[in-house]
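Novice: I'd like to ask you about the structure that follows.
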Amino acid sequence: MILIADSGATKTSWALLTKNNVIEHNTAGFNPYYMSPIVIHKILTEEMDQEISGADVSEIFYYGSGCSTKNNCAVVSKALQEQFPKAKIEVQHDLLAAARALLGRSEGIACILGTGANSCAFDGEKITANVPSLGYMFGDEGSGAYIGRKFLSAFLKKNLADEILDAFDSEFHYSMEDILRSVYNEGNPSTYMASFTHFLAKHEHHDDIREILFSSFIEFFTESVSKYNRYKLIPVSFVGSVAFHFRHILNEAAWQLGISIGRIEQAPMEGLIRYHTETGDFVTE
């Protein structure tokens, strides 16, 4: 049996591949930048499904945010080894999860558009290039945080149609002080700003909202995708809630720039199960 994990800041999705079925479960997310092996192991002990934690797991493929350095990978690996002492463990960055889930063993460009943004060139086996996303302060074009920031700026400056301003006021009742306090004085402003994409989804057909979305995706293609060699000749695929829910506008932006879109998936787990099944990591009987 093998265990696959896809971990973000708030949630970890687990899939145990058995001979007969796939057992899926969610726990809290892990970030090795500020979590020790003890803290991660505690989450595993308290939140893991008993059918998974008690399984005779032979291999674990863990993909997580923050797993871009050897030290951070070692933090996660140590916690997993304590929980599954017999398992062979591979810890990788979530960008490789996107590449494997979207592209399998084919060449292409894999992109993440969720709360944050990221992208890479993939040769079918490994990541060959990565344009740094730089986070919501300096980059992250096309991400939920970036789109939310553009929308909030337009809202606070009253640069939106009256019907959008009224709809937002009716739903949220936020003053300027409320918004600025949440962004500058409270934790995790990127998640806060990205949360407003739910409102934008309700009004995506309005010209003002569509322009914010369309221009954000154009900027993502310009600032990230266009930096890769042969970006117009190989498929560009996406995973993440923003890419999935606004895929029609994302496709329009790509078409305008002469870029071919491959897959667009909401989450990588289905693709990871497919990848590890088809590449021989797991063989059903």
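The values are calculated or read from the model by the stated rules, or taken from the named source; none is laboratory data. Keep in mind it's a predicted model, so treat the numbers as computed, not measured. Calculation scope for accessible area: heavy atoms of the full protein, side chains included, ligands and nucleic acids excluded. Shrake-Rupley method; radii C 1.70, N 1.55, O 1.52, S 1.80 Å.
Novice: Leaving out ligands and nucleic acids, note down the accessible area per residue over the stretch 166-285 with a 1.4 angstrom probe, in whole Å².
Specialist: 54
Novice: Based on alpha-carbon atoms only, what is the radius of gyration of the chain relative to the globular estimate 2.2 N^0.38 Å?
Specialist: Cα Rg divided by the expected 2.2 N^0.38 Å: 1.06.
Novice: I would also like to ask the following. Once the whole set of protein chains is in place, how much accessible area is left on residue 244, using a 1.4 Å probe, in Å² to the nearest 10?
Specialist: Number for this one is 50 Å².
Novice: How much accessible area does residue 162 have with a 1.4 Å probe, in Å² rounded to the nearest 10?
Specialist: Spelled out: residue 162, probe radius 1.4 Å, area about 110 Å².
Novice: Could I get the Rg over Rh figure for the stretch 73-184? Both from C-alpha atoms, Rh via Kirkwood, rounded to two places.
Specialist: For the stretch 73-184, the value is 1.16.
Novice: Also, quick follow-up: Which value in Å is the Kirkwood Rh of the stretch 132-183 over different Cα pairs?
Specialist: Kirkwood radius, the stretch 132-183: 12.0 Å.
Novice: In addition: Shape call for the stretch 180-285 from the C-alpha gyration tensor, a ≥ b ≥ c root eigenvalues: rounded (a/c under 1.5), prolate (a/b greater than b/c) or oblate?
Specialist: In terms of gyration-tensor shape, oblate.
Novice: Determine the alpha carbon to alpha carbon distance for each of 19/88; 11/126; 150/232 and list only those over 23 Å.
Specialist: 11/126; 150/232
Novice: Which order do 198, 276, 206 take by accessible area at a 1.4 Å probe, largest first?
Specialist: So, going from the largest accessible area down, we get 198, 206, 276.
Novice: For the stretch 81-146, what class follows from the C-alpha gyration tensor (a ≥ b ≥ c being the square roots of its eigenvalues): rounded when a/c is under 1.5, otherwise prolate if a/b is larger than b/c, else oblate?
Specialist: Here the stretch 81-146 falls in the oblate category.
Novice: Additional query: Have a look at 101, 253, 145 and tell me which one the Gaussian network model of the chain (Cα, springs below 10 Å) gives the largest fluctuation.
Specialist: 253
Novice: Give me the percent of accessible area attributable to carbon and sulfur for the chain, probe 1.4 angstrom.
Specialist: Answer for the chain: carbon and sulfur cover 50 percent of the accessible area.
Novice: Something else now. Assuming a viscosity of 0.890 mPa s and a temperature of 25 °C, what translational diffusion coefficient in µm² per second does Stokes-Einstein assign to the stretch 1-92, Rh being the Kirkwood radius over Cα pairs?
Specialist: The calculation lands on 192 µm²/s.
Novice: Distance between the C-alpha centers of the stretch 201-267 and the stretch 102-168? Whole Å please.
Specialist: Cα centres, the stretch 201-267 to the stretch 102-168: 9 Å.
Novice: Sequence neighbours fewer than 8 away in the same chain don't count; with that in mind, list the aspartates and glutamates whose C-alpha is under 15 Å from residue 202.
Specialist: Straight-distance partners of residue 202: 163, 166, 169, 171, 211.
Novice: If I ignore ligands, DNA and RNA and count only protein heavy atoms, how much of residue 106 is accessible to a 1.4 Å probe, in Å² to the nearest 10?
Specialist: Here the residue's solvent-accessible area equals roughly 70 Å².
Novice: Could you order 231, 33, 146 by accessible surface area, starting with the largest, using a probe radius of 1.4 Å?
Specialist: Largest accessible area first, the list is 33, 231, 146.
Novice: Over the chain, what is the mean sequence separation of C-alpha contacts under 8 Å (at least six apart), divided by residue count, expressed as relative contact order in percent?
Specialist: Relative contact order comes out at 18 percent.
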